[in-house]
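Working notes for the structure below.
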Amino acid sequence: MGPGEEEEEGKDGASAAENTPPRAPQGKAGERSSAFCSAGQFFFEYLVVVSLRRTPDGHYEPKITYQFPKRENLLKGQKEEEERLLQAIPLFCFPDGNNWVPVTEFTSETFSFVLTNVDGSRKIGYCRRLLPSGRGVRLPEVFCIISCLGCFGLFSKILDEVEKRRQISMAVIYPFMQGLRESPFPAPGKTVTIKSFIPDSGTELIELTRPVDAHLEHVEFQALLQRLSPHLILHIFASATLERRLIFLAEELSVLSQCIHAVAALLYPFTWAHTYIPVVPECLLDTVCCPTPFMVGIQMRHLEQVLEQPMEEALIVDLCEGKIIRAVGDEEEILPRKLQNEMLVSLNRHNNNNNEHTLEQVNTLVSEAFVHFFVRLVGHYASHIKWGRSGSGSFQERAFCKAIASKSCRRFAKKFVKTNMFSLFIEEAEKSRMPQEAYFQQKIKEYHEQKKHQRDS
């Protein structure tokens, strides 16, 4: 059997700143954890506190009220870059507008956003919105850690420690973050231990461990599986592979953030290569009018306003009700039927055993189903890169597509090779004979060994 081969089943049918306030970062490639994480780097660049300050008209405006570290002696270009970054952060820490009132109770929430600089480098903002300790009514504030490293679980644990210290005193946060900043980011599967002193408790040892599979450390597929049926997840995945416009709706920032990160991660080893805003600030809702592909999250309270926008065709997903509000109409026919059914079986198998698996096991099981799809479909790409004497490669697209035996897989592949995400992947592959994305290469090797074993037995 050739690449992507299956039994014929008849007709199959047919980021500029990823978050963009005033001159905020622009989006080229979307987010993928493996593109961010690199052992030995600093854990973070900044910790900022964003608080709400009353304006003359009686509303509240988010402002940075604390920044660690304060950076001095920056070159002119570095200073301008920092100013753009610090200008963008408040908008994404309070994306839900300025209609706030002081409260006595508020449930802490964790979410994240991605900012892409003009040079294509990316930074993630890990946020914890909480109510400061005290008596009487008060306003929530956001602790935001800016890092170029993608590891949501790890930074959630760091924010737990920050929140614990905030209830004691802001002064207790500084030595913890300083200790963290002086520690190297661990390699996959490794642990770093931070010593931290807390008044009345003494010195604490905090262990921060990275998952073994680095490409899964910025994602929780469980968040997606709890809200959408496997069938709908495949419709969303199909739309994403053709780089269409996707809008996700939910009220909680954490739900939007987790689910959109999960959808983007389904595309591994490829990277969403267009506008990517997990939570769109209210003042940027006209993003949905963009004629180019995007993947965005919008709070449910803005649904009516979004539907009134002059939009191109888009897939609109309601994460609260677990349904699709608007679709193009061909989502069922995009993916090759046999491969789609195999993924559906895998996802349904997980759903039937969802209480028996840890979050890590869920991530692995779900990821493997989608990685296997790409292994079957494009796993032969390396054998169609022609290498020149200079050491650079040239991808032979026609031969690559022709090598796919199944007509339905070949039909899909001919569309997929035209996407930005595939082009970016191949551009990297053409630079060196050393394969990229080690986990993907491992799965390709396992698949070929399995086929060889089947032929020999």
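The values are calculated or read from the model by the stated rules, or taken from the named source; none is laboratory data. What you see is a predicted model, and the numbers here were worked out from it, not measured in a lab. Methodologically, a virtual Cβ is constructed for each residue, glycine included, from the backbone with ideal geometry; neighbour enumeration extends over all protein chains shown. What goes into the accessible areas is simple: the full protein's heavy atoms, side chains included, and nothing from ligands, DNA or RNA. Shrake-Rupley method; radii C 1.70, N 1.55, O 1.52, S 1.80 Å.
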### Query
Is it the case that region 204-212 has a residue that's open to solvent by 20 Å² or more (accessible area, probe 1.4 Å), at pLDDT 85 or above and of a type in the set (Val, Ile, Thr)?
no
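Here's the yes/no breakdown for (1) in contact with a strand residue (DSSP E or B) (Cβ under 7 Å, 6 or more places away or on another chain); (2) buried (at least 16 other Cβ atoms within 10 Å of the Cβ); (3) hydrophobic (A, V, I, L, M, F, W, C):
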{"residue": "Lys323", "(1), (2), (3)": "no, no, no"}
{"residue": "Asn351", "(1), (2), (3)": "no, no, no"}
{"residue": "Val362", "(1), (2), (3)": "no, yes, yes"}
{"residue": "His384", "(1), (2), (3)": "yes, yes, no"}
### Message
I'm checking my understanding of the structure. Among residues of region 24-65 that are modelled with pLDDT of 80 or more and assigned to a loop (DSSP other than H, G, I, E, B), which one is most open to solvent (accessible area, probe 1.4 Å)?
### Response
Pro56
### Task
Among the residues of region 232-254, count how many are modelled with pLDDT under 95 and either more than 11 Å from Leu319 (Cα to Cα) or surrounded by 24 or more Cβ atoms within 10 Å (Cβ to Cβ) (or both).
2
### Summary
Selection from region 270-323 of residues of a type in the set (D, E, K, R) and assigned to a helix (DSSP H, G or I) yields Glu282, Asp286, Arg301, Glu304
## Note on the structure
Going through (1) touching a Ser or Thr at 6+ places or on another chain (Cβ under 8 Å); (2) farther than 28 Å from Gln258 by Cα; (3) not charged (D, E, K, R) one by one, Leu365 fails only at (2)
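Here is a yes/no grid of residues against (1) touching a Lys or Arg at 6+ places or on another chain (Cβ under 8 Å); (2) part of a loop (DSSP other than H, G, I, E, B); (3) of a type in the set (Asp, Glu):
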residue	(1), (2), (3)
Glu81	no, no, yes
Gln87	yes, no, no
Asn99	no, yes, no
Thr110	yes, no, no
Leu115	yes, no, no
Cys127	no, no, no
Ser133	yes, yes, no
Leu149	no, yes, no
Gly153	no, no, no
### Message
Given (1) more than 15 Å from Lys123 (Cα to Cα); (2) of a type outside the set (Ser, Thr, Tyr); (3) out of contact with any helix residue (DSSP H, G or I) (no Cβ under 7 Å at 6 or more places or on another chain); (4) surrounded by 13 or more Cβ atoms within 10 Å (Cβ to Cβ), identify the lone condition not met by Phe68.
### Response
(3)
### Query
In region 432-449, how many are in a helix (DSSP H, G or I) and either open to solvent by 80 Å² or more (accessible area, probe 1.4 Å) or not β-branched (Val, Ile, Thr) (or both)?
11
### Residues being in a helix (DSSP H, G or I) and under 23 Å from Lys338 (Cα atoms) - total across region 364-390
16
## Note on the structure
Given (1) open to solvent by 50 Å² or more (accessible area, probe 1.4 Å); (2) at pLDDT 95 or above; (3) in contact with a Lys or Arg (Cβ under 9 Å, 6 or more places away or on another chain), Pro336 misses just (1)
### Query
Given Leu249, Leu256, which one is over 23 Å from Leu339 (Cα atoms) and touching a Pro at 6+ places or on another chain (Cβ under 7 Å)?
Leu256
### Summary
His215 passes all but one of the listed conditions (1) of a type outside the set (Ser, Thr, Tyr); (2) assigned to a loop (DSSP other than H, G, I, E, B); (3) more than 27 Å from Met300 (Cβ to Cβ); the exception is number (2)
### Message
Checking the structure you have, find out if any residue of region 415-431 is of a type in the set (Lys, Arg), modelled with pLDDT of 95 or more, surrounded by 13 or more Cβ atoms within 10 Å (Cβ to Cβ) and part of a helix (DSSP H, G or I).
### Response
yes
### Task
Among the residues of region 149-165, write down those that are of a type outside the set (Gly, Ala, Ser) and surrounded by fewer than 19 Cβ atoms within 10 Å (Cβ to Cβ).
Lys157, Asp160, Glu163, Lys164
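Quick one: count up the residues across region 166-186 that are out of contact with any Ser or Thr (no Cβ under 9 Å at 6 or more places or on another chain) and either open to solvent by 10 Å² or more (accessible area, probe 1.4 Å) or closer than 16 Å to Ala214 by Cα (or both).
Residues that pass the stated criteria total 8.
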### Query
Does Val296 count as closer than 25 Å to Ser254 by Cβ and open to solvent by less than 40 Å² (accessible area, probe 1.4 Å)?
yes
### Task
Select from region 171-202 the residues that are of a type in the set (A, V, I, L, M) and at pLDDT 85 or above and write down the one among them that is farthest from Phe143 (Cα to Cα).
Val192
### Evaluation of Ile146 against (1) among the hydrophobic types (A, V, I, L, M, F, W, C); (2) under 20 Å from Ser257 (Cα atoms); (3) open to solvent by 40 Å² or more (accessible area, probe 1.4 Å) (one fails), failing number
(3)
### Message
Given the condition of a type in the set (Ser, Thr, Tyr) and more than 26 Å from the chain's Cα centre (by Cα), answer yes or no: does some residue in region 184-194 qualify?
### Response
yes
### Summary
Across region 432-457, the tally of residues that are basic (Lys, Arg) and over 20 Å from His215 (Cβ atoms) stands at 4
### Filtered residue count, region 213-224, keeping only those that are open to solvent by less than 20 Å² (accessible area, probe 1.4 Å) and modelled with pLDDT of 85 or more
3
### Message
If I ask for residues that are open to solvent by 50 Å² or more (accessible area, probe 1.4 Å) and of a type in the set (A, V, I, L, M), which ones from region 83-133 would you list?
### Response
Val101, Val118
